[in-house]
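Since every read-out is calculated from the coordinates, none of them should be taken as a lab result. The model shown is predicted, which means the values in this text are computed figures rather than measured ones. For neighbour counting, all protein chains shown are included, and Cβ atoms are generated from backbone atoms with ideal geometry for every residue, glycine included.
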Amino acid sequence: MSSSRHGPGGGLRAARAAFVYAFLAIAALVVLFPLFWLVPNSLKTTTELFNSPWSIPASPRWSNYALAWSTGRIGVYFLNSIVVSASTLLLIVAIATMAAFAIKRLRWRGANLALTVFLLGAMIPVHAVLIPLFIQFTRLGLIKSYASLIATYVAYGLPVAIFILSGFFGSLPAELEQAAVLDGCSIGGMFLRVDLPLAAPAIMAVSMFSFVIVWNELLVALVFISDARRMTLPVGLSNFKGEYATNFSALFAAVLITMAPSIIIYALFNNRMIEGVTSGAIKG
Amino acid sequence: MEKMLRNKTAILLFLAPAVLLYLCVVLYPILLSISYSFFSWDLIHPRRFVGIQNFSRMFTRDDVFPVAVRNALFFMVTSLALQTTVAYLLALFLAERIRARNFFKNVVFLPAVIPGIAVGLLGSLVYRPDIGLLNVLLRGVGLGGLARPWLLQQLPALWAVTLTLGWQYTGYATIVFVAGIQGIPPDIFEAALIDGAGAVRTARSITIPLTRQVLRVEVVLIAIGSLKIFDLIYVMTQGGPVHATEVLATYIYTRAFFQFEYGYGDALSVMLLALCLLVTVLINRVLRAPDVQF
């Protein structure tokens, strides 16, 4: 893709490089500037926000964060989100690995059909089943517990997870399990000792993909959870906005607290996260 | 060995959790959803069969439904135009061996991992009339005359949401495109270079045609993602002023869970499902790409 490195094209090349870097720099600025704008504003008083939009806060008001975290209950929402996300992730990984193993490593007719049926699920927006799910879970008395939320997240996370994992299991050599079988392993033992450890990179991708979806999910959680003590972070934040509509500095702090875990995890695992999140790009 | 891998009990046990969950939470509810759409139901009184009345009501006796569909289509068209162009340009640049490539890749992708609700709140703060970043910037550079309450008028609000959506997902499309471009064997580009093709010519005759597969996938993702938009509208405009920025997802939510019209809300969600499937099929028809093997 690089244009000619020598000769009369040199001037053109420099101009093109300048254009490329200018474009990239503007893109980076557009992404980062609003995020950095949040930081000083989250440490101001509301009066300062109105009177001196550009200055650094006179004395940083860390109490904005304390207010958002405890009085605004962001801390509670945060813990709830951890519980829901961790359970969902664990179940998605367990159930999808087992299913992908059965589809790609065990021998039966209909394995490909099963895979196709699972993948079709990726085309169904959860919006389309929100009302029947709400009604059925209410009837079963599950709507007040996280079970309803987690079951929905797991079910809608499965298609992509099975897609990623079956792609991985399909790429392993057919003789892989032979040694284990000769050693007298059962199918369960073979799955746990041979296939599962090998699938670690694919499981990582599935976890990254599912974490981003589940941690950020608003609509289902909004419909299923009405008790403020049980709200997940996205629902809680929308609730917080209603309660603290005029306390802007606390709102800035709350937005930053909500973004923080995603940004920290991204800072630590950016490459794996990019790979995992985009490996679910299968619609269509 | 062979016999062991064909063990029916084992196969069933490994598949059971996924199949059960899929049947109960995906397939069965879809059927329920379609059947509910022919009823009028508030969950308190017994449901009443109304035939296709819910659907005829959308097109004849509902002023909000056409607005919601139009707005969802607005987000689809504007997001496709904005996100695919900007993302493809970024991808063309980021697929080259340039300095600080990883930095730029990491930065543009970042918003895709942030919760939509937080992005929406950030958006509603940026577009605020008084302390919002946009108006403060405009006043700062002497363009205060352009400052306005962005989210309180229909067209500016729709564009504000489109731009926020673009801010969040353009980086995602970029990375998918970069992967597609890097999947093209380098010798094809070298051949083009030897033939004297410039950057624009190379992109038009080689890169774009050979990445039609990822283009198609991304176009579907962006289109469906915009049709289903909920979070940003819910937090930035609440569908207002007076339903002017309502979309199907927010309208379903309001009808079902605030006005307790579960039957009608459900019929609306069936329409959303149909619209998503229709758009997916259409895009796949139009952008059907011959499978390129290298």
Note to self: Can you tally the net charge around residue A:231? Count Lys and Arg as +1, Asp and Glu as -1, for every other residue whose Cβ sits under 14 Å from the Cβ of residue A:231.
What the structure shows: +2
Next item on the list: Would you mind computing the Rg to Rh ratio of segment A:147-284 from its alpha-carbon coordinates, Kirkwood style for Rh?
Entry: 1.12
Next item on the list: Note down the nm distance, to one decimal, between modelled labels 7 Å out along Cα→Cβ at residue B:259 and at residue A:175.
Entry: 6.7 nm
Check: Going by how many other Cβ atoms sit within 10 Å of their own, how do B:281, A:220 line up, fewest first?
Finding: B:281, A:220
Checklist line | Peptide-level mean, for A:181-191, of C-beta atoms on other protein chains within 10 Å | finding: 2
Next item on the list: Determine one quarter of the surface area of the Cα convex hull of segment B:18-79, which equals its mean projected area, and express it in nm² to one decimal.
Entry: 6.8 nm²
Next item on the list: Treat the count of other C-beta atoms within 10 Å as a stand-in for reagent exposure and order B:41, B:159 from fewest to most.
Entry: B:159, B:41
Next item on the list: Determine, at each q value in 0.33 (inverse angstroms), the log₁₀ of I(q)/I(0) that the Debye formula gives when each Cα of segment A:118-165 is one equal point scatterer.
Entry: -1.17
Check: Placing +1 at every Lys and Arg Cβ and -1 at every Asp and Glu Cβ, with all other atoms neutral, what dipole size does the protein assembly as shown have around its Cα centre, in debye to the nearest 20?
Finding: 260 debye
Next item on the list: Taking the Cβ of each residue in B:15, A:198 as the centre, tally the other Cβ atoms inside 10 Å and list the residues starting with the fewest.
Entry: A:198, B:15
Item checked: Amide proton proximity set for residue B:39, modelled H, under 5 Å, gap of 5+ -> B:50
Item checked: Residue with peak Gaussian network fluctuation, chain A [Cα springs, cutoff 10 Å], from A:15, A:174, A:260 -> A:15
Next item on the list: Let me know the mean shielding of A:45-56 by other chains, meaning the per-residue number of their Cβ atoms within 10 Å of its Cβ.
Entry: 2
Item checked: Exercise: per-residue mean of other protein chain Cβ atoms within 10 Å, A:95-104 -> 5
Next item on the list: Measure out, as a whole number of angstrom, how far apart the alpha-carbon centroids of segment A:117-183 and segment B:153-224 sit.
Entry: 30 Å
Next item on the list: Can you give me the span-like helices of chain B, meaning DSSP H runs with 18 Å or more of Cα extent along the axis and Kyte-Doolittle mean at or above 1.6?
Entry: B:8-22, B:64-94
Margin query: Net charge around residue B:131, counting only other residues with Cβ within less than 14 Å of its Cβ (Lys, Arg = +1; Asp, Glu = -1)?
Written below: +1
Next item on the list: Calculate how steeply helix A:200-216 sits against the longest principal axis of the alpha-carbon atoms of chain A, using the helix alpha-carbon long axis, and give the answer as 0 to 90 degrees to the nearest 10.
Entry: 40 degrees
Note to self: Can you give the local net charge around residue A:148? Use residues other than it whose beta-carbon is closer than 15 angstrom to its beta-carbon, Lys and Arg +1, Asp and Glu -1.
What the structure shows: +1
Notebook entry, point to check: For segment B:224-279, treating each Cα as an identical point scatterer without solvent, what Debye log10 I(q)/I(0) comes out at q = 0.20 1/Å?
Noted result: -0.71
Note to self: Restricted to Cα positions, what overall size does segment B:33-154 have along the principal axes? Three whole-Å values, descending.
What the structure shows: 65, 41, 26
Item checked: Degrees, to the nearest 10: A:146-170 long Cα axis against longest axis of chain A -> 60 degrees
Checklist line | Where Cα atoms sit under 18 Å apart: lysine pairs in the protein assembly as shown separated by 8 or more or lying on different chains | finding: 4
Next item on the list: Compute the normalised compactness of the protein assembly as shown: alpha-carbon radius of gyration over 2.2 N^0.38 Å, N being the residue count.
Entry: 1.03
Check: Residue farthest toward the positive end of the dipole of the protein assembly as shown, with Cβ of Lys/Arg at +1 and Asp/Glu at -1: which of B:180, A:94, B:168?
Finding: B:180
Notebook entry, point to check: What is the percent of Cα-Cα separations in chain B that go past 32 Å?
Noted result: 45 percent
Check: Just the projected area, averaged over all directions, of the convex hull on the alpha carbon atoms of chain A: how many nm²?
Finding: 23.1 nm²
Next item on the list: Calculate, axis by axis, the spread of Cα positions in segment A:37-167 along the three principal axes, and write the results as whole Å, longest axis first.
Entry: 71, 37, 24
